[in-house]
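I have a structure here, written as structure tokens, and I will follow up with some questions on it.
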Amino acid sequence: MKISSISEFKKMSDFYRKSLQKQYKKVIVCGGTGCVAGGSLKVYERLKNLIEERGILAEVDLEKEQEGIGVKKSGCHGFCEKGPLVRIEPNKYLYIKVKPEDCEEIVNETLINNRPVERLMYRFNGDIYETQESIPFYEKQTRIVLEHCGHIDAESIQEYIANDGYTALIKVLEEMTPEEVCKEIVDSNLRGRGGGGYPTGKKWSQVLSYPSEVKYVVCNGDEGDPGAFMDRSIMEGDPHSLIEGMTIAAYATRATEGYIYVRAEYPLAVKRLTTAIEQAREMGLLGKNILGTGLSFDIHINKGAGAFVCGEGSALMASIQGERGMPRVKVKRTVEEGLWQKPTVMNNVETYANVRHIITKGADWFRSFGTESSSGTKAFALSGNVNNTGLIEVPMGATLREIIFDIGGGIKGGKKFKAVQIGGPSGGCLMEDHLDMPLDFDSLKDVGAMIGSGGMVVLDEDTCMVSVARFFMNFTQNESCGKCIPCREGTKRMLQILDKIIEGKGKMKDLDLLEELADTITNTALCGLGKSAANPVISSMRYFRDEYIQHIVDKRCPTKNCSKLRTIEIDPEICKGCSKCSRSCPVGAIDGKVKEVFRIDQSKCIKCGACMEACPFAAIREA
């Protein structure tokens, strides 16, 4: 149904709110990628069928005032470690690791008899947490951008509107000029959440100031950092917040066309964005003469082929234009000459998702979160050797200790914290000394790291930092577009040196060469991705230099992760001469006679560990 005026939209919004209240219970099944992979769609179908078998309406249409139990697929709830997840409202129960065979008990106990199923609830130290909000993972968060993720039907524009969706757009259309919108964003001190931290309002104001009949609004949804899934989760769980933010940006800058660039590896995000855009067009919230106000703006989706470099602005725009995704020399900035050489606003998904909150609640409200230089909140993808992996959102300025130990539940297996890699291949390693440092744009820059898009990989005491640096350098080298020599050749040379060190062939002078190469690449590479390529290596060398020296001087990996530096020996006091080790060795490196002690020829040994697994007496171990 197309809405042709603001007054008509307000009437429709009130109707949807009343219709939503007819759902006396809501069953919200996590439909994010992680839970879907764990079987949540089977849980959804089973719950829906069981409810309908009892004569109760399970799929409630908000276009009609229908009474029933609303069973819906949401986006990511965030608590990925415990999926598939099911939330029951208004009880606020959160059921974890739900399987189809659990559904009948959920329906009978909770939906019919209003009792909790305690065995499906989160437990810690013997305590049962009945409500989602009481679980420490959620209790310590401040969810603004992720407000709807896990709480509303991700595929329903009606439910988004019923939860005050598009009211920010209505406000700017009714009450604000483009200049006033830009000023509100400037006053909020919203900085780009894609990594650079450039002031969003300043960017919008610059685009507004350029006289051009054609301007563009672009969303960078090309989330390529290993371990990062914040933007994906927003696109999957709250796509209309992105559309609303982009439409407000179009009004503020007088743009007429928008593009969302999202990697094709995110099929669920593409599907839900496509659905959301079609719904918005049908309702008159995208297209020509939106709500009869004269604003015309439409959005298109461009699917990227997975090139990491297309996360860089100019490479992304080249890809949208049908060219090879490679950065360009920025003689003029994107705000002046961007997509098709026209003034262009480019922000990432999380940045646009913040806009509606700033418009409806005000710049002062937004600045009440975070630090003086970094306002608001930040979403992080918490992964690695931490008990509670998942998607989180905290105020800017939160500390690593709060994130890893309060929200993340500490290190797996009771092991010791060693480091955290923050910001992906463009970021850096932080160590125990940084646990109480506030996480904001400027503080991280001072210690050689960056927030980046928000990936946060926690590493425990068994992690080899040289291998971590090598992993990220290998990723960056593979993803280099090859346009500029410093990045193309410099990252390749750094990777070769790291390979030498891990294989026990490194020299102390290699550390100096790594630093020299890093300095050259940082100062001469063409784009921001190249300039930050050496960050993981330099930060790990700064804080874990002893580990590099042990690899080079002692020819030993202290964590025993580097296979080429392993020394596997047979203990003659324990060996029974059974010959199983010799028979399992793929390269014939073990000699001996049955019922006598066997020995390993270190010159032949490839350190594969097959002999250790084969020995029934545990006589073989690393020296």
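The values are calculated or read from the model by the stated rules, or taken from the named source; none is laboratory data. These figures come from a predicted structure and were not determined experimentally. Here Cβ is always computed from backbone atoms with ideal geometry, including for glycine, and neighbour counts include all displayed protein chains.
What helices (runs of 4 or more DSSP H), lying completely within segment 303-385, carry at least 2 residues that are touching a residue at least 12 places away in the same chain (Cβ under 8 Å), among the aliphatic types (A, V, I, L, M) and surrounded by 23 or more Cβ atoms within 10 Å (Cβ to Cβ)?
Working: elements: 313-320, 349-361, 363-367.
Correct list: 313-320, 349-361.
Out of K64, K92, I need the residue that is assigned by TED's automatic domain parsing to the domain that holds G31, surrounded by fewer than 21 Cβ atoms within 10 Å (Cβ to Cβ) and either among the aromatic types (F, W, Y) or at positive phi (or both). Which one?
Details: K64 fails: either among the aromatic types (F, W, Y) or at positive phi (or both).
Only one candidate qualifies: K92.
Which residue is modelled with the highest pLDDT, if the candidates are limited to segment 434-451 and must be in a loop (DSSP other than H, G, I, E, B) and among the charged types (D, E, K, R)? Write out each step before concluding.
Filtering segment 434-451 down to residues in a loop (DSSP other than H, G, I, E, B) leaves 435-437, 439-440, 447-451.
So of that shortlist, the ones also among the charged types (D, E, K, R) come out as 436, 440.
Working: D436: 94, D440: 89.
Taking the candidates together, the pick is D436.
Looking at segment 452-468, which of its residues are in contact with a Cys (Cβ under 8 Å, 6 or more places away or on another chain) and either in a helix (DSSP H, G or I) or at pLDDT below 95 (or both)?
If the condition is that a residue be in contact with a Cys (Cβ under 8 Å, 6 or more places away or on another chain) and either in a helix (DSSP H, G or I) or at pLDDT below 95 (or both), then M465, V466, S467, V468 are the ones that fit.
When the residues of segment 397-430 are narrowed to those that are in contact (Cβ under 8 Å) with a residue 40 or more places away in the chain and in a loop (DSSP other than H, G, I, E, B), which ends up nearest to the chain's Cα centre (by Cα)?
Step by step, filter segment 397-430, then rank; the result is G423.
Can you report the number of residues in segment 54-113 which are closer than 12 Å to K26 by Cα and assigned to a helix (DSSP H, G or I)?
Summing the residues that are closer than 12 Å to K26 by Cα and assigned to a helix (DSSP H, G or I) in segment 54-113 gives 3.
Tell me, which residue of segment 142-154 that is surrounded by fewer than 20 Cβ atoms within 10 Å (Cβ to Cβ) and of a type in the set (D, E, K, R) is nearest to T275 (Cα to Cα)?
For segment 142-154, the residue satisfying everything is E147.
Condition check ((1) within 24 Å of R566 (Cβ to Cβ); (2) in contact (Cβ under 8 Å) with a residue 40 or more places away in the chain; (3) surrounded by 20 or more Cβ atoms within 10 Å (Cβ to Cβ)) across all residues:
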residue	(1), (2), (3)
N474	yes, no, no
G504	yes, yes, no
K509	no, no, no
C527	no, yes, yes
K531	no, no, no
V537	yes, yes, yes
R542	no, yes, no
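Yes or no, residue by residue, for (1) touching a Pro at 6+ places or on another chain (Cβ under 9 Å); (2) modelled with pLDDT under 95; (3) under 28 Å from G384 (Cα atoms):
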site: D231; (1), (2), (3): no, yes, yes
site: P239; (1), (2), (3): no, no, yes
site: I243; (1), (2), (3): no, no, no
site: A252; (1), (2), (3): yes, no, no
site: A280; (1), (2), (3): no, no, no
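If you scan segment 548-579, which residues turn out to be of a type in the set (S, T, Y) and buried (at least 16 other Cβ atoms within 10 Å of the Cβ)? Steps first, please.
Within segment 548-579, the subset of a type in the set (S, T, Y) is 548, 559, 563, 567, 579.
If the condition is that a residue be of a type in the set (S, T, Y) and buried (at least 16 other Cβ atoms within 10 Å of the Cβ), then Y548, T559, S579 are the ones that fit.
A follow-up question, please. With the requirement that a residue be buried (at least 20 other Cβ atoms within 10 Å of the Cβ) and of a type in the set (D, E, K, R), what does segment 15-47 give you?
Those that are buried (at least 20 other Cβ atoms within 10 Å of the Cβ) and of a type in the set (D, E, K, R): K26, R46.
Here is a follow-up. Which of the residues spanning segment 500-533 are over 16 Å from G195 (Cα atoms) and outside any helix (DSSP H, G or I)?
Within segment 500-533, E503, G504, K505, G506, K507, M508, A525, L526 meet the criteria.
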